Every structure is written in C-alpha cells, then in structure tokens.
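The values are calculated or read from the model by the stated rules, or taken from the named source; none is laboratory data. A quick note: this is a predicted structure, and the numbers were derived from the prediction, not measured. Note that we place each Cβ from the backbone using ideal geometry, even for glycine, and neighbour counts take in every protein chain shown. Areas reflect the complete protein model, heavy atoms only, side chains present, ligands, DNA and RNA absent. Shrake-Rupley method; radii C 1.70, N 1.55, O 1.52, S 1.80 Å.
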Amino acid sequence: MELLKRNKALTGVLAVLVVVGVGCYIAQLVGGLAMTGMNNGTSWGLYITCFMFFVGLSAGGLIVASSASIFHIKKFKQVAMPAVILSTVCICIAGLFVLIDLGGLYRVWRILTGPNPTSPLIWDICVITCYLVINIFYLHFMRKGNDHAVSIVSRFALPVAILVHSVTAWIFGLENAKEGWYTAILAPIFVASALDSGLALLLLALTGLRRKGIFEVSQDLIASLAGLLATCVAVDAFFIGCELLTTAYPGTEAGVLILSELTAGPTAPFFWIEILCGLVLPFCILVFAKNRQNSVLVCVASGLIVLGVFFKRIWLLFTSFITPDVYGAPGLISGSSVARHAQGVDSFAVISSYAPTAIEIFVVLGVLALGFLAFMALTGWLIGAGKNATATEQAAPATA
Amino acid sequence: MTGMTSSQGGLTRRSFLKGTAVAAGAVGLAGAGSMISTDGWLAPAKAHATPEERTAYTYHQKHCGGCCALKCTVRDGRLVLVQPNDVGEDMYRTICLKGISEVTHIYGDGRVQTPLKRVGERGSGQFEPISWDEALDDIAERVKEIQAQYGKDALLVASCAEADSTFLGPLLGAQSGGFTGIDVGVGNGLDPATGLGAGYAMSAPEARDWARSKLVLSVGTNYCESSLPSAYLFVEAKEAGAHMVTVDPHYSTTASKSDEWIPIAPGTDAALFLGMVSHILDNKLYDDAFVRQHTSFPFLVDDATHKLLRDHAEDPAAEEPETGATNPFFVMDPVTGNPIRFDQMTMPALSVTEAPGNVGAHTVWDLMLETQKPYTTAWAAEITGIPQERIEALAEEYAEGPSSLALGWGGNDKMTNADISGHAAALLVALTGNIGKPGAGVGVYVGPDYNSWLPALGAWPVPEEWAAADSEVSLYDMPVKENNCHGAIFWGDFIAQHVADMNLTTQWADTLDLIVSIDPYFTEGAKWSDYILPATSRFEYDDEIGNIADGYSQLVLQEKVIEPLFEAKTDLWITREIAKRFGQDAYLPKTGAERVEAMLATSTDPQVAALKLDDIVANQGVWPSPDRSEIRTVADDLKFATPSERLEVYYDNMVPFDQALPQWEPCEEIGNEDLRATYPLQLTNTRTRFRIHNQYNDAKWLQLYYEPTVVANPSDLEARGIANGDIVEVFNERGSFTVPCDANDAIRPGSVRIYEAGTADYTVAGNVQNTTNRTTIERGYSLMCGPVIPFSDTLVDIRKA
Amino acid sequence: MTRLAIVISKDRCVGCHTCALSCKMQNNIPEGLMWNRVLTEGCDVTDGAQGTYPNLTRTYLPVACQHCQNAACQRVCPTGATYKDDKGRVEIDYDKCIGCRMCMAACPYNARVFNWSEPERLTQANYGDARVPVRPKGVVEKCTLCKERTDDGEKPMCVICCPGHARFYGDLDDPESDVAKLVRDKHATALLEEMGTQPSVHYFE
C-alpha cells in the first residue's frame, strides 16, 4: 500500500487502465469474443499470446529463488522475495488471460466435473494451480522466515516450474495439425524462453526497485544474474536454431511454407526482431563481463529479451494459423459477420489473418496494469512495508 | 453513366449497399411506420403459441429448366426448410443452392414491400409508398390515356419467364415487345434445318441420352452450372464411358469435369464446325445413305435464282410454309439425270455430276463442296486456335458416333455470328446422321424439363377479343427505331437485363409516358419505373393452390407455402385488379385452384385431362409423366418438322446474305482489329450457378460465394499493373462499370469474364450492360427469331479504379 | 460397431456449394459460420485453376468434419464436450463446451467454427430442422453428420441435396454398404491421411 500511495500518479494511471480494461471485458462478455480480432481461422489471439508470455515470465523468479535454496546459491537468496512476488503475479496474470479468452466462462466448472485426461489443457490447469499454490506457500514461508520450509517448497518449485512451461508448450506442441507447433523441442524452447524472459523481467524489476530505493540489490548480483541470462539466451537461441534447421532441412512442402511465412510472411517482422534484437543483440551485450556491470546496458538487454520473447510468442502462435492445412478458395469462413464487418465473399478468407481490436488491447492493458498494481502492492506489503501490519490488511483488497 | 453514379457519389461500396438495402425495401419511406421495418413484418404471427410445423409442396424456377419439385417446411408461418420433394425416383428429387437460398432470400432486404410511386427523377431510385388501390387506379387511368391517344399497341406488357403474367397483355390488347434477342443466336441457324427447337435450339433429347453416346461434344455451353439440378447426368455419362469433350474459350466448370477441354478463340465456333465439315467431306466420313435419304443435300438449287427448286413458287403471304407434299422439292435421278420429285426417289444423286446433262441446277451438296473449299482444317486451326490435328481427330470421332452435340446459350450464342455456328452445326449433324438415334442429338441439353416428357397442360379459356397486339419493333430495337410504344408494364427487369448498351436503353426508357415494374424484388430497371408493384415470391400465395407447371417429366403443383409477405400480392391478383378497372375481371379465374382445374381439364392429353387436383395434392403435388422411365429422344423416325421432313440445310431466305449455306464471318466487334487496338479485351457475359440472369442478385447466401467480379488471366492483369482482388474499371466507348477483379488462369488471355446481370446496386459502380454491344446485324431480321443481341461481342479494356 | 460416414466423389463434385448451403439451412447455422465448405483445391480464387492457361486442372473439395476415428479435437477437449458416439460420429455436447477452442487449433481440417457472438440469422428467426439444438454464443460447432436426421434413419441433408450425386452416406463398418464398397472398390482416400486422424469421411476420384 505504501508503494501505491507513494506513486499516486502511476497508481492512478494504472487504476484507470484497470477500469477501462474491466469495461472492455464486460463489453466482450456481452458481445462475445466477436469483439476481438479472432476468427475461425486464427482462433487464438493476443490473449493466448499473453498467456504463453506470462507463464514464461513467471518462471524466472521462481527458478532463481528456488535455485538459491536447492543449489545453495546464496546471493540469489537475497532476491528470492521480489522474484517470487514477480512469479506469483505473472502466473496469476497468465491464468487470467486463459479465463478471459474462454467463450463460455460460466461453464468453466465443467472442467472439474468432467475433465478429459487426454487434454493438455487440463494438465496445464493442474500444473499452473500447483505452481500458484507453491508460489503462495513460498511467499508465506519466506515472510515467516521459515528457511526450512522454504527449502522444502523450493524442491517442489523447481520441477513444477519446469513442468508448467512444458505443459503449456504441449498445448501447442502436441497438435500435429499445426506444422509450426508440432515439435518435440517446443517444451525445451518454452523452458528456455521462460528462463530468459523471466530472468530479464526479474532484472528489470530489481533494477526498478533498486532505483526506487525499495529494495537494495548489489551490482554484483545483477551482473551474475545477467551472466545467467546470457547463458539462457544462448540456450534459447540454440533450441530455436535446432528447430529451424530440422524444419528446413528435409524441404517438405509444409516446412518450406512455414519457414517462408516466418522469414518473409506476415509474422516475419516479429521473427526477425526476435532473432536480432531478442537473441543476438542482448547476447552480444551480456556476453561481456564489463557490460554486465553496467546496469543500463543490462536493462536494455533485458528489455530487448522480454520484447523478443513476446515477439517469439507471436510468431510461434500465429505463423501456424496463416495457411490452412486444407487450402483453397473461398477458404475459411471468418466468423461473426458483425465483428468482422464482413459481408458476402469477404466472409471467407483463403489465408487467415488477425489483428487485435481496441477492446482486446485495452483488456490486455487492463490486466497488465492490474498485475503492475498487484506487484506494487505485494512488494509494498512483503518488502517495502513489511513491518506495517495495517498496510497488509489494506493491500489485500487492492490486489483482488 | 447517367444518374446512377451520381446517386452513389462519394459513398463507399459497403455504405452504398447498406443504403440500397433500405432503398430497395422502402425507398424514401420515411413515416411509413412498421411497414418499413422488416422486423415488424417478420415477427412470428403467434408469439406465444407452441411452434406449429407443417409441410407444403411447390416448384422452383421454370427459368433454368429445373422446375425442382420442393418440399417446404413452415414453422410459425415462416419458411424454414426447403428440400427436394421426396416423391418419385431419386433423379427427380432435384434442388440446387438457389432453391436453398430462398429460406433467407424471400425475407431479404431486396423485397419490395409496398406499392411504390416514383417521386424523383427516373433512375434516381426515389419512391414513396402508396396504397394498392391508389397505385392500381393511377396505372389503369394512365394506361387508358395512353391507349386512347396512341392506340392499344402503345402499351407494352413484357414478362420474364418466371412471372405468372399470361393474361394481362392480351386483355389490354398490348404488345409484348416482339422478339427477345436472347438465347436465339445458335437456334436461329440450327433450327430451320431440324424444324425443331423453336429458334432456341431446344431440339436435344434428354441429357440422360448422353450415357449412350460415344462422344458428347459440348460447345458454348456450361451444363454443369446452368443445368445444375441435373449436373449428375453429365458425370454419369462420363462414367458410362461417353467421351466428354468441351470446347470453350475458358476452363469452365463443365470443361473441368470433362475428359478433355479444347480451348477455342471466342466467337469462332462456326469456324471449328466448318473445318470439321471439310474434314468429314474430304475423308468421306459422312453417312451416305442418311445424307441422300434424310437431308436436303440432294435437293436441286436453281442456278439462276440460287433457290431450291420447287414445284411452284411459294405465296409470300402464306401463313404456313407449304409442305414437301403440297409443293415438292426436286432431286436428280442419278441414272437419267432428270429432276424428279424428292419423295419419289430413295437414292437420289448427291451431285449433278453423277449424271449426264445440264439441268440448270446444282444440288445443295455441289454448292456445299464449293462453299467449303476455303474452310480447310488448317484454316479453321488458324481462326479457332485449335491445332489442326485436334480438329481433324474431333471430326473423325464425331462422325463415327453416336455423338451428341451440346450447344448453348451462354457462349458464342451471344455474338453476331451465332447463327452461322448453328447452321454449321446443322451441316455436321446432317452429314453424320448424329440425330434421331440413341446417343445422338443436337441442341441445348441444358434444363432438365425442357427436353423431358412434358405433360401437356391446357389453358384457362379467355375471351376471343383478348389478343396481344403485334410488335412492329422488338424491345431491343425500341431505343434506336421509331415505334409506337409509349408505356410499359414489365414483369421482371427488362431495362437492365434484356437489352445491351444500357445508357441508350435508359435514355429511351425516360421517353416513355408510363413504366410499371411488377417484381418481388427491387431491380435496377425498377429505378426507371413510375410505379413498382410488389409481387409475391414462389412460396407465397393468397390461396391454398397457386398454379401448376410442367416440370421434369412431371406435373408440379404450386401450393401455398406461406402467406404473402409484406404487402405483396400474387401476379394473378394484380392481373385481376387491373382487369377489374377495365371491366374484364369476370373472365379471369377467381382462385388458383379454379385455374389449375381448367388447365388440367383442357389438356390435349386424355390422361392429364382426367386428373383431379386432389389426386395431385395427395401425391405431394406431383404427377409423374407415365413414360418417364424411358429416355426421351427426338425424331426417332428421322422425320423432321421441316417442309420436306428432312434435315434442310440450305436456307433459301439467306440467299440475299450469301448464307444459304454457312459462310464464315467474324464477329462484328471482337473481330474488329482496329477497335481491338484500343479495347483489347473481349468481355464475355456468362451464366453461373449463382444466378439465373439477374435473379438472386440480392440472395445473401449466394453473395457469400459471388459478387460481380471481373475475372481475367493473370498475364492480362500483370500487363496492366493490376493485382488479384484490386477494384478495376471495365470500360469502352459505350460506358463503364467498376468491380473487383480476380486473377484466374481459367480465363483465356485476351478475354475477361463477368457473370450476367451485374447491376449497379451490386457492383462498386455501374451496370455491366453499360458496356455491352447492341449491334443487330442486317441478316438477323431475316432469321427465325430476329437478331440476337451480341452481349458478349464486346470489347473493353480494364484499369485500376 | 457402426461407423457412419460420408464418401465423396471428387469427380462428380461440380463445386456448386449446394451441400454447404443445405447444411447451413438444415442446421440453423448463423451468419458468418459454415459447417461445410467447398474449396477450389489449391487456388486462391473460387473456381480458379491450377497451372497456366491452357494446361489447367481444377478439383473441388467439399470439407466438413471428417468424423475421425482418431479425432484430434476429441483428444484435446478439456471437458469432454467433444465426444465420439456409438455410431462413430464425432459430436459436441454444447452444454459442456467452455469455448476454449483447443479443438479448433487441433483440427487439421478447420472444420470447426465458433460462435464468436450471439448467433445472428438473416431472418431474425431460427430456420432449419426443429430437432437441431440452437447453439449459444461462446460454443464451438461443426458438422454433426446431421445427427438428428441420421438418428432417425434419414440421410444427411447435404447428401440428399447434392446435384452431382457426389455424396454417399452409410456405415463403413457394414461391408455391404454403399460407402464401404466405394471405399474398397474406388480406393477412396482420406484427407491429410498423414495426420493419422483416420477420418470416416472419404474421397475418391
């Protein structure tokens, strides 16, 4: 609460964004997902992109924190609290995006009454729930200062964190209908992306907290986290390289198509920006120890990595939607004629396209703002104003 | 481009369409209350009753020859389901996407909902609603004025094939607009030879006969689209082993379903046939006995007059031509060399050279050998673009037979030289005897009911004084020739649909004192009307029984499916109300049932005459023709409906035009090389599965698949910097229209294609007819059905709009 | 076992879209959705052609739910809303559908469509067969093989309306059925066989 109060302007802006987002979501509830840019061809959009992205972002925190316990990396321990807060907020956001994306939210209880064990989505829900619970326990025990409990929880946290990214990847990676998704390396890619984007976000958060004077982090720690980040970026790049090579080498029709769309099609800007600005450039920055000592450069690299991974989510998700497996005119029937403003022959599309609507963007901004507020509140409660018991009680409703 | 474009100036295509949706239903109807709103009219009749469902039977379009018998489900007073009537064998249970689209189409924005009176300039599309009484009183008054001032024939009552409009023209003594100029191109040239087909080339057997053919040669016809309800007959013939060969400039649906597609230069069908004729002659592939016994090839032609030798000169004023029995033709006795009555010689000489002496005449055969000399296969290859060897092989295959020659209305038919191709086809048939036997036939196979066992329906008896006046000038010539038409009642869109060169047509329409449009839908032509009267669709009637029709080897009954929508009235009701204002209504049937009973009772077929309406109702509205398990064929006895009962290939009346035997002539416009330099693309107007002419323009479910689009070969588009999907202007000196464009390799380079009846409300701008060619050639007026309107003999260019 | 199926002759299909619209009518499918689409295979314009004039080919390909035996959609559905019934049809229990659209991503045939908004119909009323359930906003739908008709022993609407007589309906598990014979004798194949979905819908030339 302290933090929120201290940054009234920021809090105000964020609150407005949340209110706008809620309004847009209500509009979406009333009008249906037709208010979004999604359609029968590209049936997932910005929400699922954000879902993937935030599942990934939440990883960095928990992995850093739990490695600290498991592998006794002392210096990581200092940042465990902000790391796990970040992780918790991110996973909540990720879950929220799935719920927002559902067409029949009011039937969501059907998941509990009749879960289909072959659905990766069911397992993802389970793993994410576990992950969230672990995060909460983690926070709880850290707050209580119960190191033993923390070290026990962290032993579960690490594999569950890995699993969260893997199962999320399997939502996509097990669908052989989508050439660009169906690959065994998708789970490793997700884990690697989670590590680099999560760490990068953690670095940004730590730098931010340090600058605000809320949480002191040594430049050494920043540098060593940045070193770890460089490694993760390299691993991520390696996995992507493996995937691209495997897709390209046999020269299959489907493989060539997906690669041409990736390198020269509608998703190409995202692909190239990710490769160059999200992998190559930050790696080149972070690979030099001197640069890792420069917090501006670390922040720039981290920002680029986060952006790059977001772009990767975009090209990963959308490239496989562009060209239907069964191709021919008139093509796919887009969906709601109201939302698509489509009439007659324009109701069909030979290749699928997608652009988020204003409603979708505002809902996403609203959720991000909510996450930011939650992070501020939780940080204020658990770190900045940890001693202030009354602030704790007030913070709870603010994050709800 | 007159008022049409200005009315939409500055609007985007979408907003314009939206605008017209309103305009179409209730043009400028502010204040008309619930009448304007579709919702009010479409609200369930019994909101709190439990859904009541019932079935009714009717038939669909006569126009396409499908006349599909339909089973309709009605729930809460609404049409909710249309499916094939499930009475009878599978092959008669037909339907296509147009029938299904009616479930939403009849409730569509395009319906005229109330009688409308024009308030703006003609063509501006501004109308106000008026009551039926007011509209009918006004119309009757003005018809009386016009007829009093200029004579009865000053009124034109013209009707499209779909309307139930038979009584009005005769009862008003109005003229009907004469020849139509549509679908008569090939028939004009073919039908005098067979005596069949009525000028429309409707001389073919049922398409089922194809399964017995060795070769089915389709030329200028797209059967798999224009005869959609019976498309299965095409594929079944192919499966039965018939060699399906389609000649078409474009890779049509039918071409793609054929064993072989032979691309041809547009407007050169006649050259192909003439080349085939030469090859058949050169290689003696003709059926010698058939030629001598069943054709006019052995007939003698007077060297001096170039006319067929007859017993005596025909009285030019005679109503019916004299028969071969009353005024015989002459052939040559091959032994004596003397002319002899054709019916007294079984194997006459084919050529005068077969016998000694000089009789001052030559046989038709002799003349043909002479006229065919230039038409070598090498020449034909040059003209048509088909390789010489392919033409020769095709001629051989056709001659071997049994072969079906399927001709059409949508291709070369719409060009100035169409009659020559029909005439040349007649030569092919006459040479090879590919007619009157299983698997052989010629003509238009499209439209299952046209060539089927049509039960003979009688007619409602009308007073003798009811008679339509003659049309001295046909409708298509009214814009350019002096005539006595001062007012018109149109059932259907005559202004935009039946006449080419629309800017000229509308100028003429604007000179008329009265135009009335009767149509369920708001059409382009309606914009030039003074009054628009809303007619019911096929599915609405004000009585339990509407009408009866001769369908595909069956009688089909029109039952009331739903109550008339909006303020629409049946054609019969409208006729009766007009008749009332002329004191003539007592002679009209009071109910549909009364009329149907009369049509049955007056049939010349005793079986039909004995039918009771209730029996047909009990059989789901269908009475199957008793013979229909047999394939209906044509001229089995090889007796043709010509004066000599033979295939008469020599046309006396064409002597002045040097076309007594078919002589190649390029198309008037697309054959004009100078004009081609300016407008290098031929614009072909074809039919499509998505429309029947302009019908269904406003059917939303069909709009999913087609909106007026010009389709061009990618090479022609690239040359003009146009990309697939761009909006283009199609233009020539007559006018222009603007539509999206598709790049499609199926289109012959040098041609662009658009489906018929793209009217301004459905294009980005303008009517397709703004560009089309109306030239009527002189020879045309001596043909059976007058000149054909050469809609596709049109040159244009396109540019990015 | 019963395995109801539609077998389609690509040679007989004239690309008229009657099956698609008859399906739309029968099943009360709202605007913007289709359960059945007829594609001009491999072309980016309807009625286009592959090749260069005059060396051209064209195939029409009607595509709807393939009623796969190894149905990807059914496997990924989190709530079991998509299920395989005792007649071999893949069906949807609309009450269980949470609108997550996993199945749409999983279906290689793009056979599934989603009610993005409150269903909208041109006539502002339901049309089609009264036995067909009305689907609300937020659920996925697709070809049911005319469940309501086939349950009562009738043929699917697309089969009875097809002007090319290109569609055949029956039980693939009955070796004497038309469809089983066609699959056997005409060497009918399935769409995207390499996906391993084992469709019941088959195609032959």
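For the reader, a short list of remarks on this structure follows.
- R0 of 45 Å, Cβ-Cβ distance A:Leu10-B:Asn724: FRET efficiency to nearest 0.05: 0.35
- Where the alpha-carbon atoms of the protein assembly as shown are placed on the principal axes, they occupy 130, 69, 63 Å, in descending order.
- Tensor-based shape of chain B (alpha-carbon gyration tensor, a/c under 1.5 rounded, otherwise prolate or oblate): prolate
- When only alpha carbons are used to place a centre, the stretch B:344-392 and the stretch B:749-790 end up 34 Å from one another.
- Summary value for chain B: 19 percent relative contact order, contacts being C-alpha pairs under 8 angstrom separated by 6+ residues.
- Each residue, B:Glu464 and B:Asp615, gets one label point 7 Å from its Cα in the Cβ direction; the gap between the two is 3.3 nm.
- Annotation: aspartates and glutamates with alpha-carbon distance below 17 angstrom to C:Lys147 (same-chain offsets under eight excluded): C:Asp85, C:Asp86, C:Glu91, C:Asp93, C:Asp95, C:Asp129, C:Asp171.
- Given charges at Cβ of Lys, Arg, Asp, Glu: the stretch B:673-800 dipole, positive-most of B:Thr771, B:Pro790, B:Val730: B:Pro790
- Shape index of the stretch A:87-135: Rg/Rh, with Rg the Cα radius of gyration and Rh the Kirkwood radius from the inverse mean 1/r over Cα pairs, equals 0.97.
- Residues of the stretch B:503-541 with amide N under 16 Å of the 7 Å Cα→Cβ point at B:Gln126: B:527-531
- Look at the stretch C:25-32: the mean tally of other chain Cβ atoms within 10 Å of its residues' Cβ atoms is 6.
- What separates the Cα centres of the stretch A:98-123 and the stretch B:658-681 is a distance of 69 Å.
- Against chain A, whose longest principal axis comes from its Cα atoms, helix A:295-322 is set at around 30 degrees.
- Here the protein assembly as shown is assigned +1 on the Cβ of each Lys and Arg and -1 on the Cβ of each Asp and Glu. Its dipole about the Cα centre then comes out at about 9500 debye.
- With the charge dipole of chain A set up from +1 on Lys and Arg Cβ and -1 on Asp and Glu Cβ about the Cα centre, the Cα lying farthest toward the positive end among the listed residues A:Ala9, A:Pro269, A:Leu186 is that of A:Ala9.
- Distance between modelled label sites at A:Ala27 and B:Thr511, nm, 7 Å Cα→Cβ extension: 5.8 nm
- Electrostatic dipole magnitude of chain A [Cβ: Lys, Arg +1; Asp, Glu -1; Cα centre; debye, to 20]: 1480 debye
- For chain A, the longest principal axis of the Cα atoms and the long axis of helix A:120-144 meet at an angle of about 10 degrees.
- Range in chain A, longest, excluding exposed trypsin sites (Lys or Arg not before Pro) [loop by DSSP; at most 15 other beta-carbon atoms within 10 Å]: A:1-211
- Positive-end residue of B:Trp528, A:Ile222, C:Asn36, charge dipole of the protein assembly as shown with Cβ unit charges: A:Ile222
- Annotation note: trypsin sites (Lys or Arg not before Pro) in the stretch B:42-150 located in DSSP loop regions with a Cβ neighbour count of at most 16 within 10 Å are B:Lys46.
- Counted charge near A:Gly241, where neighbours are those whose Cβ lies closer than 14 Å (Asp, Glu -1; Lys, Arg +1): -2
- When both bridge partners sit in the protein assembly as shown, DSSP labels roughly 60% of those beta bridges antiparallel.
- Normalised by the number of residues in chain A, the mean separation of alpha-carbon contacts (under 8 Å, six or more apart) gives a relative contact order of 29 percent.
- Amide H contacts of B:Thr94 (H built 1.01 Å from N, in plane; Pro and chain starts excluded): B:Ala69, B:Asn85 sit under 5 Å, all sequence-distant by 5 or more or on other chains.
- Average projection, convex hull of the Cα set of the stretch A:8-87: 7.8 square nanometres.
- Heavy-atom accessible surface of the stretch C:4-204: percent carbon and sulfur, 1.4 Å: 46 percent
- Per residue of C:133-143, other chain Cβ atoms within 10 Å of the residue Cβ number 3 on average.
- When B:Tyr781, B:Tyr552 are compared by accessible area at a 1.4 angstrom probe, the order from most to least is B:Tyr781, B:Tyr552.
- Our note on the geometry: Cα centres of the stretch A:4-59 and the stretch B:434-492, 66 Å apart.
- Averaged over peptide C:7-20, the number of partner chain Cβ atoms lying within 10 Å of each residue's Cβ comes to 6.
- Between B:Phe582 and C:Glu154, the modelled label-to-label distance comes to 4.6 nm, taking each label 7 Å out from Cα in the direction of the beta carbon.
- In chain A, one over the average inverse separation of all distinct C-alpha pairs is 21.9 Å, which is the Kirkwood hydrodynamic radius.
- Radius of gyration and maximum dimension Dmax of the stretch B:673-800, Cα, Å: 14.9, 46
- Within the shell defined by Cβ-Cβ distances under 13 Å, the residues around B:Asn770 carry a net charge of -2, with Lys and Arg each +1 and Asp and Glu each -1.
- Listed by chain and number, the aspartates and glutamates placed with their C-alpha closer than 17 angstrom to that of B:Lys437 are B:Glu206, B:Asp209, B:Asp287, B:Asp288, B:Glu397, B:Glu400, B:Glu630, B:Asp636, B:Asp637, B:Glu645; residues fewer than eight positions away on the same chain are left out.
- Size of electric dipole in the stretch C:4-204: Cβ of Lys, Arg +1 and of Asp, Glu -1, about Cα centre, debye, nearest 20: 300 debye
- Cross-link pairs exceeding 18 Å in C-alpha to C-alpha distance, out of B:Lys527/B:Lys700; B:Lys98/C:Lys137; B:Lys98/B:Lys700; A:Lys212/A:Lys290, comprise B:Lys527/B:Lys700; B:Lys98/C:Lys137; A:Lys212/A:Lys290.
- The stretch B:681-801, relative contact order in percent, only Cα pairs under 8 angstrom and at least six apart counted: 34 percent
- B:Lys590-B:Ala198 FRET efficiency (beta carbon distance; Förster radius 25 Å; 0.05 resolution): 0.15
- To the nearest ten degrees, helix A:358-379 and the longest principal axis of the Cα atoms of chain A are 20 degrees apart.
- For the pair A:Leu245 and B:Asp674, a Förster radius of 51 Å applied to the C-beta separation gives a FRET efficiency near 0.25, rounded to the nearest 0.05.
- Per residue, the convex hull spanned by the alpha carbons of the stretch B:528-639 comes to 183 Å³.
- The local environment of B:Trp460, defined by Cβ-Cβ distances under 10 Å, has a net charge of -1 under the rule Lys, Arg +1 and Asp, Glu -1.
- Computed over the Cα atoms of the stretch A:247-316, the ratio of the radius of gyration to the Kirkwood radius (Rg/Rh) comes to 1.14.
- Per residue, the protein assembly as shown exposes 35 Å² of accessible surface when a 1.4 Å probe is rolled over the protein heavy atoms with every protein chain present.
- Contact surface B-C: accessible area buried, both sides summed, square angstrom, 1.4 angstrom probe: 4100 Å²
- Packing order of peptides B:499-511, C:2-14, highest average first: C:2-14, B:499-511 (average count of other Cβ atoms within 10 Å over each peptide's residues).
- Computed from the Kirkwood radius of its Cα pairs, the Stokes-Einstein diffusion coefficient for the stretch C:4-204 at 20 °C and 1.002 mPa s stands at 123 µm²/s.
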